[in-house]
Amino acid sequence: MKHTLKKVTGAVTLALTGLTMASANAASLGSTEVKYTGYIKVDGIYSDYSNGEGHPLNRDFYVPSTIEVGSADDDISGRFDGHAKQSRFRLTTTTPVDGDDSITGVLEFDFMVTKGDYDNERISNSYLPRMRHAFLKYKNWLVGQTWTTFMDVNALPESLDFIGTTDGITFGRQVMVRYTQGGLEVALENPETTVVGVGATDDNSVPDIIAAYTMKQDWGHVKVAGMFRQLAYNVGDIDASDTAAGVSITGKVKLGDTDDIRFTFFTGTGLGRYAALNAAQGAVYDAQTGELSSIDSTGYGIAYRHMWNDKARTNIMFSAFDADSEAVTKITMGDYTDKTYSARVNYIYSMSSAITVGAEYAYAKRETEAGLDGDMSRVQFSAKYAF
């Protein structure tokens, strides 16, 4: 396909044969409009751990269950990491059909949590792209991979960390079929069971069922979501299952013209991978009885955003997670995460509508049922160019 580079209103764009430019980051191909958006984000992260760095994933962004614990503090120096892996790009297409209706398609990638993520910094720092979103929307229907209906993206705070109030959120992207009517959403989503000592089983026979309702008002919004799903573990002679259910209440409340408070809360049994980046597994298998038992968990988060002026703001946030680790320990005789919490504060400054810089301090702690604990202190600096 023939192509040329053109300069359009200060932005470099790609013109293809049969494709006409609609704006600096949008084009049309026949009756389909194509829009290209995303951002480049560079992070510098200094972390200090009380008991060692734990899983290397935690060096890129906060993952509650990966903080190392121990009976005594280790004498370990801090760790510095610089990366641009959170940078992402998104293609959105809009195709008119049936008069005033249209089909919207979204395909989005970034470079976080991919194969070879931790062993290629010697020379090239090359990272594979990963698919975040891939879905289509037509009328009231959404089909494809995107944020789980059990999650409220609009209640997340502005954080330099990948998530922010990680301990107190429900989080996930997965394939689904979702129907939306006004504030009501009903979805069938891809299932997955996580079991203590086993990991992901992929043995489910039915999809997760999720329903949510969002009430929007001038003062903000509140979202209430419920989930019902099957937990399954089937390998060899083991054929065990249980049911799980949970509820999530989230929202954002405006304070005046600029400030706001954002909150999240969830509780339930067998939430597993939905809660706090799988800080606790969804179920535990009892080899003596042959039963699979769901694990109870609860989490919450709150964040306050203050605008200093039209370019500068500060976000203060706290989140916590608690699991029924005592029930797990009685079955496995192991030591598992009992609770985690984290707090962070940042200062973010938008030099223009496209360029934002910021600094953030975070403290996080993890405790186990046996009384072992570990903590992490982190300072993060970021620069972001959105297009």
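Quick one: Phe263 ticks every box in (1) more than 25 Å from Tyr62 (Cα to Cα); (2) modelled with pLDDT of 95 or more; (3) open to solvent by 30 Å² or more (accessible area, probe 1.4 Å) except a single one, so which number is it? Among (1) more than 25 Å from Tyr62 (Cα to Cα); (2) modelled with pLDDT of 95 or more; (3) open to solvent by 30 Å² or more (accessible area, probe 1.4 Å), the lone unmet condition for Phe263 is (1). Annotation: of all residues in segment 354-370 being open to solvent by 30 Å² or more (accessible area, probe 1.4 Å) and at pLDDT below 95, the one that is nearest to Arg273 (Cα to Cα) is Glu369. Entry remark, segment 53-68: residues being open to solvent by less than 10 Å² (accessible area, probe 1.4 Å) and either in contact with an Asp or Glu (Cβ under 6 Å, 6 or more places away or on another chain) or polar (S, T, N, Q) (or both) number 3 in total. Answer with yes or no whether Thr250 is open to solvent by less than 20 Å² (accessible area, probe 1.4 Å) and either at pLDDT below 95 or under 23 Å from the mean Cα position of the chain (by Cα) (or both). Yes.
Within segment 306-347, the residues that satisfy the criterion of being in a strand (DSSP E or B) and without any contact (Cβ under 8 Å) to a residue 40 or more places away in the chain are Ala312, Thr314, Ile316, Asp322, Asp338, Lys339, Ala343, Val345, Tyr347.
Residues in segment 33-52 that are open to solvent by less than 20 Å² (accessible area, probe 1.4 Å) and not in a loop (DSSP other than H, G, I, E, B) were compared, and the one that is modelled with the lowest pLDDT is Tyr49.
Can you confirm whether segment 117-127 contains a residue that is modelled with pLDDT under 95 and within 19 Å of the chain's Cα centre (by Cα)?
Yes: one or more hits.
Selection within segment 199-239: residues that are polar (S, T, N, Q) and open to solvent by 50 Å² or more (accessible area, probe 1.4 Å). The member of this set that is farthest from Lys254 (Cα to Cα) is Asn234. Of the residues Gly374, Gly334, Gly299, the single one that is among the small types (Gly, Ala, Ser), more than 29 Å from Tyr39 (Cα to Cα), at pLDDT below 95 and surrounded by 20 or more Cβ atoms within 10 Å (Cβ to Cβ) is Gly374.
Give the number of residues within segment 260-289 that are touching a residue at least 60 places away in the same chain (Cβ under 8 Å), among the polar types (S, T, N, Q) and under 30 Å from Asp218 (Cβ atoms). I'd like the intermediate steps shown before the answer.
Within segment 260-289, the subset touching a residue at least 60 places away in the same chain (Cβ under 8 Å) is 262-266, 271-285.
In the following step, the residues that additionally are among the polar types (S, T, N, Q) were identified as 264, 278, 281.
Checking the rest, the ones that are also under 30 Å from Asp218 (Cβ atoms) come to 264.
Number satisfying all stated conditions: 1.
Sub-6 Å Cβ pairs linking a first residue in segment 359-386 that is of a type in the set (S, T, N, Q) to a second residue that is open to solvent by 40 Å² or more (accessible area, probe 1.4 Å), at least 6 apart or interchain, are Thr368/Asp335; Ser377/Asp48; Ser377/Tyr363, ordered by first then second residue.
The values are calculated or read from the model by the stated rules, or taken from the named source; none is laboratory data. Computed from a predicted model, the values in this text were never measured in an experiment. Glycine gets a Cβ as well: all are built from the backbone with ideal geometry, and neighbour counts include every protein chain shown. For the accessible areas, the whole protein counts, side chains as well, though only heavy atoms, and no ligand, DNA or RNA atoms are used. Shrake-Rupley method; radii C 1.70, N 1.55, O 1.52, S 1.80 Å.
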